[in-house]
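> Here it is: the structure, laid out below.
The values are calculated or read from the model by the stated rules, or taken from the named source; none is laboratory data. This is a predicted model, so every value here is computed, not measured. Here the Cβ positions follow ideal geometry from the backbone for every residue, glycine too, while neighbour counts run over all protein chains shown. Ligands, DNA and RNA are stripped out before the accessible areas are found, and what is left, the full protein with its side chains, is counted by its heavy atoms. Shrake-Rupley method; radii C 1.70, N 1.55, O 1.52, S 1.80 Å.
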Amino acid sequence: QVQLVESGGGLVQAGGSLRLSCAASGRTFSGRTFITYVMGWFQQAPGKEREFVAAISGNGGNIYYADSVKGRFTISRDNARNTVYLQMNSLKPEDTAVYYCAAGTYETTYSVRRPARYDYWGQGTQVTVSL
């Protein structure tokens, strides 16, 4: 069984920071190792669709961000630990959402932004930014 487990969410004041982690475990993703997966972060606010936040290629060489988080959020990964991170700085109330990590095998500038292109999902972690 493959598992993606997010952690690090919480309540923070506007302007503050949080660091989300997503740890992958279980049988090696149907025979593929963690490094072969592009990893993404998505957010979903109440009543809204799941939206792309950031993604990172298997070796970390390609990184993608939504325009709304560029310059504030940083995605990274540690393949030795099967973990991907999302450092969130200068948080705004509009960043409030459940944040999900996801693993996929198909990487294009277009596909990494599409939830349907990912094969595995975590259960999500709540991030709440207050005024």
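> Would you kindly calculate the mean projected area, averaged across all directions, of the convex hull enclosing the Cα atoms of the chain, in square nanometres?
7.3 nm²
> Give the longest segment of the chain that steers clear of trypsin sites (Lys or Arg not before Pro) in DSSP loops with at most 12 neighbouring Cβ atoms within 10 Å, not counting the sites themselves. Provide the component values of the computation, followed by the final result.
Numbers: sites that count: Arg27, Lys48, Lys70, Arg81.
Counting only loop sites that pass the neighbour cut-off, the longest clear stretch is 82-131.
> Please identify the chymotrypsin sites (Phe, Trp or Tyr not before Pro) of the stretch 22-131 that satisfy two criteria: DSSP loop assignment and at most 13 other Cβ atoms within 10 Å. Which are they?
Those that pass, being in a loop and sparsely packed, are Tyr106, Tyr110.
> Ignoring any ligand, DNA or RNA, what whole percent of the accessible area of the chain comes from carbon and sulfur when the probe is 1.4 angstrom?
Whole-percent figure for carbon plus sulfur exposure: 47.
> Another question, if that's okay. Translational D (Stokes-Einstein, µm²/s) of the stretch 1-74 at 20 °C and 1.002 mPa s when Rh comes from the Kirkwood sum over C-alpha pairs?
This corresponds to a translational diffusion coefficient of 151 µm²/s.
> Moving on to the next point. In what order, largest first, do Thr96, Thr83 sit by accessible area if the probe radius is 1.4 Å?
Working: Thr96 40, Thr83 15 Å².
Largest accessible area first, the list is Thr96, Thr83.
> Scan the stretch 1-68 for GluC sites (Glu not before Pro) in coil per DSSP, keeping those whose Cβ has at most 16 other Cβ atoms within 10 Å, and list them by number.
Hits after loop and neighbour filter: Glu49.
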